[in-house]
Amino acid sequence: MNVPDDLFYTESHEWVRQEGENARVGITDHAQAELTDVVYVELPKIGAQTEARGQIAVVESVKAASDIYAPVKGTVVEVNKALEGNPALINTDPFGEGWIFVLKMDSTDDVKRLKDAAAYRKAIA
Amino acid sequence: MTPVSDAAQKKTPLYEEHVRLGAKMIPFGDWIMPVQYSGIMDEHQAVRKNVGVFDISHMGQLVATGPTAGVWLNEMLTNNTQKLEVGTGQYTFLLNESGGIIDDLIVYRTAPEEFLLVVNASRTDEDFAWLERHRANDLALSNRSADYGGLAIQGPRVVDLFQSILGDDVDLPPRNAIVDLAAKGKELLIARTGYTGEDGVEVFFPTKDAAMVWNEVLDKGKALGIRPCGLGARDTLRLEMCYPLNGSDLSPEHNPIEAGLGFFVDLKKPKFIGREELVKAKETGTANRLVPFRMKSKGPPPRPHYSVWRDGEQIGEATSGTLSPSLNQGIGMAYVAAPHARAGTEIEIEIRGQKFPGTIEKKPLYKKS
């Protein structure tokens, strides 16, 4: 299972790529493999504010709907519109084209509270 | 993502095979079953285009034997067992006194005085207890579920597959019929039926043979594009055909008339459990009807328990829902108030507080082109 070293992770299987004061968020390779066949993504609204661990998006497979949580506190500044036409990008490229949204973090220190790659690998082992 | 607890979970004789193939296993009633192997979409398409194999060993087999077995079953079940020749079967319901559905099942006449009931896994013990309680003294009833393993082999290439397994000397039985290969020295029952809308069979064999039969089917099916298929594809395939799922679309709170399945109820029979209520339902109509529906836009797929609306008024609730892999659109079934239960009616499905447009459709939702 692919777990890139340069990302941060949550227990609920989101990943975070820190880009300055922004955090790009998606779901992990492990999560997409468990969900399989993503058929619909409900994106957050630009400007929406969220607490850490706030429910912010929904990813639906054929079988079920799964909530996606904000890894850190912040404001949504960008969403991946490509997922509206092609939700399967989450399956084919979870850490790249399959990103879901970008948060402007209230505090960049917050990412330090997330898991690093080694800790996440242990969590899904 | 949640580890499956092994407490009180029954495994079919194919459990090890599923794990070896990398299936994702989930609890299903008392059972632990494969939900998917290669993926629901891929498995679904394999059944629509080629052939797929499902483990149905969890399903129950009840056998009623005796000179009066047919007459007795006619008072227990809604369809007419007197119409069954030896070697044929019919879809039917087991009802409670108020006409509510205990189970939907297929009953086969396997000998002049012997009937095989293939019932839902989650209802096997309940069905058996109910039938045993109502059993006439001069017939025997046995629960043979633990003795049999079973596979559903479904898809347009099923005949080719059987030819390569059994050779030319075994013909598949016609639709709804069953053959026992005991006469040919094989412990195998083959029934031409299924839950997918494709040509197919359900086969039953002694539990000890399960892995052998499964692997033979997968091996011979390789050249035909076979896929092992899980409960996920089983659900999308049956829902495209509007075949009901007991526990979701059917329950003791609903009767077969409400569910639009009156075709499998013979009200001309003078007596069967639940008859009075069904006669009433037929005469006065039911408050609600089970209808298929299809979403109009590329919104989120519908799911069970989502509410159904029309002109700002809630008219019902979905009992099944998914994204149809064949139609690439949300589909489902819902009980709606009878005045709205007409094909073509525009409805809305409420999903996470937002309403999405859909249409009530005719059965089936998917037709082979």
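Here, each number is a calculation from the coordinates, and none is a lab measurement. Keep in mind that this is a model prediction, so the values were computed, not measured. Reconstructed Cβ throughout: ideal geometry from the backbone, glycine too, with neighbour counts over all protein chains shown.
Under the classification rounded if a/c is under 1.5, otherwise prolate if a/b is larger than b/c and oblate if not, where does chain A fall, given a ≥ b ≥ c as square roots of the Cα gyration tensor eigenvalues?
oblate
From the Cα gyration tensor of the protein assembly as shown, with a ≥ b ≥ c the square roots of its eigenvalues, which class applies: rounded if a/c is under 1.5, or else prolate if a/b is larger than b/c, or else oblate?
Verdict is prolate for the protein assembly as shown.
Could you calculate the contour length gain from B:ALA223 to B:GLN163, that is, 0.36 nm times the residue separation minus the distance between their Cα atoms, to one decimal place in nm?
Here the answer is 20.3 nm.
About the Cα centre of the protein assembly as shown, what is the dipole size in debye to 20, counting +1 per Lys and Arg Cβ and -1 per Asp and Glu Cβ, all else neutral? Can you show the working numbers first?
Numbers: 55 positive and 69 negative charges, 166 e Å.
The calculation lands at about 800 debye.
Are there any trypsin sites (Lys or Arg not before Pro) in region A:1-79 that are in a DSSP loop and have at most 10 other Cβ atoms within 10 Å? List them by number. Mind dumping the intermediate values first?
Values: sites: A:ARG17, A:ARG24, A:LYS45, A:ARG53, A:LYS63, A:LYS73; in loops: A:LYS45, A:ARG53, A:LYS63, A:LYS73.
Answer in residue order: A:LYS45.
Would you mind ranking B:VAL53, B:VAL71 so that the residue whose beta carbon has the fewest other beta carbons within 10 Å leads the list?
On the way: B:VAL53 26, B:VAL71 13.
So the residues, fewest neighbours to most, are B:VAL71, B:VAL53.
Placing +1 on the Cβ of each Lys and Arg and -1 on the Cβ of each Asp and Glu in the protein assembly as shown, which of B:SER297, B:VAL213, B:ALA111 has its Cα farthest towards the positive end of the resulting dipole?
Checked the options; the winner is B:SER297.
How many nm is it between the label spots at B:LYS363 and A:ASP106, if each spot is 7 Å from the Cα in line with the beta carbon?
Those two pseudo-labels are separated by 5.4 nm.
Please turn the phi angles of region B:88-100 into ³J(HN,Hα) values with the Karplus equation 6.51 cos²θ - 1.76 cosθ + 1.60 (θ = phi - 60°), one per residue in order, whole Hz, x for glycine and proline.
Result, rounded to whole Hz: 10, x, 8, 6, 7, 10, 9, 10, 8, 4, 8, x, x.
Explain nothing, just compute: Karplus ³J(HN,Hα) = 6.51 cos²θ - 1.76 cosθ + 1.60, θ = phi - 60°, for every residue of region B:206-214 in order, whole Hz, x for Gly and Pro.
With coefficients 6.51, -1.76 and 1.60, one gets x, 3, 5, 8, 3, 5, 4, 5, 4 Hz.
Any number yet on Rg/Rh for chain B, C-alpha, Kirkwood? Intermediate results must be reported in sequence, preceding the final value.
Details: Rg = 20.7 Å, Rh = 21.4 Å.
Result: Rg/Rh = 0.96.
Of A:ILE68, A:ALA123, B:TYR335, which is farthest along the charge dipole of the protein assembly as shown in the positive direction, counting Lys and Arg as +1 and Asp and Glu as -1 at C-beta?
Positive-most Cα among the choices belongs to B:TYR335.
With a Förster radius of 45 Å, plug the Cβ-Cβ distance of B:GLU132 and B:GLN354 into 1/(1 + (r/R0)^6) and report the FRET value to the nearest 0.05.
0.35
Mind putting a number on the dipole of region B:143-202 about its Cα centre? Charges go on the C-beta only, +1 for Lys and Arg and -1 for Asp and Glu, and I need it in Debye to the nearest 20.
So the magnitude is around 120 debye.
Roughly how far apart, in whole Å, are the Cα centres of region B:218-293 and region B:133-159?
Comparing the Cα centres of region B:218-293 and region B:133-159, I get a distance of 18 Å.
Only sites in a loop by DSSP and with at most 13 other Cβ atoms within 10 Å count here; which GluC sites (Glu not before Pro) in region B:71-132 make the cut?
In loop regions of region B:71-132 (DSSP not H, G, I, E or B), the sparsely surrounded GluC sites (Glu not before Pro) are B:GLU85, B:GLU97.
Put +1 on the Cβ of each Lys and Arg and -1 on the Cβ of each Asp and Glu in the protein assembly as shown; which of B:ASN246, B:GLY285, B:THR88 then has its Cα farthest toward the positive end of the dipole?
Positive-most Cα among the choices belongs to B:GLY285.
How much length is gained if the chain between B:LYS49 and B:ALA287 is pulled fully straight, taking 0.36 nm per residue apart and subtracting their Cα-Cα distance, in nm to one decimal?
Roughly 81.7 nm would be gained on extension.
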